[in-house]
């Protein structure tokens, strides 16, 4: 059997006038195909010029490049019987053209699917404050698009392989046997099929959606992307958590925006028992009324726990989304602490102690002082204890330094 180089030398050596004619016919067919493609899309662009965002305009835009390649392949396929090539080359060229035609057809179908999903998603505004419906549609369309892309790819590859008789024979025998080989293939394809089914389940039931605020694996973040095999969670510090689709279905997680984007946030303070709770409640109302982040729904301040030294006070406030709720919590926490420091510094946490003095030693010291003839006046017990409030009051009454 001659080698490939010998075949190539034979092809080059046998070039004659008929081969040049075949080359010209091939080039002419490609030119005609490109001209027809240009003319068709020129007419289509004029028909959709008034509305460039319409469904047909998006489909034609996605189809333009792929159909240009298909036009070239179809032109080659039509003139193949007129081209003079060696017989053993014709079979390989026919298969190559057919494989390219199947591949580009699958590409074209995938582009049409993408155009349809984009046209559907374009009707919704993901940046709106109340974007629950937009996130529902976006999740469903993107997951279904991923599933369709995977299915189109599998069908396209299978159609390409079925061109070869040996592969077709093996495929038919596998389907007919349904024995050990089928079981092995089933086990090998189990992860792929599990993710495929999980993706379909997520698209239909939607336990998560694009933009949902979730807690997964102890990390808080937003659903950034849902692919055919995994979910990307954008964590608050911009890290990315990759979670398989099967884990979304099998393991529990928290979804803070399942039904609505509104959420309740909390701020907690540990304060002294002298803290004015009622006045703190009034101050919380003032802070929330002045804030642009509060949605006007929830406003609560309660003492939720006590300990030996402090009491735990919690404020609840609502916001239109989880990021806004985080900013509102920080704002309320900071303003309340600043107000307490200025108006009620004694309400801040302090450590209390008990001072115990032996009365016999005090009397003994007084007696020793009298025996020594000292007329010094000893301070009382209350005067011996240093109170921070007394020091602050003394500073206010002391005259300013002349210097």
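Quick look at the values:
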| quantity | calculated |
| --- | --- |
| Pair residue 194, residue 351: separation of 7 Å Cα→Cβ label points (nm) | 5.4 |
| Stretch gain in nm, segment residue 247-residue 64, where the contour uses 0.36 nm per residue and the Cα spacing is subtracted | 61.9 nm |
| Within segment 246-285: backbone nitrogen closer than 17 Å to the residue 124 label point (7 Å, Cα to C-beta) | 256-262 |
| Residue 255-residue 31 pseudo-label distance in nm [points 7 Å out on the Cα-to-Cβ vector] | 6.0 |
| FRET efficiency estimate (nearest 0.05) - Cβ-Cβ, residue 49 to residue 215, R0 56 angstrom | 0.70 |
| Size of segment 14-123 as Cα extents on the principal axes (Å, biggest first) | 61, 25, 14 |
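Laboratory data are not the source of any read-out in this text; all were calculated from the coordinates shown. All of these numbers come straight from a predicted model, not from anything done at the bench. Virtual Cβ from ideal backbone geometry, glycine too; neighbours counted across all protein chains shown.
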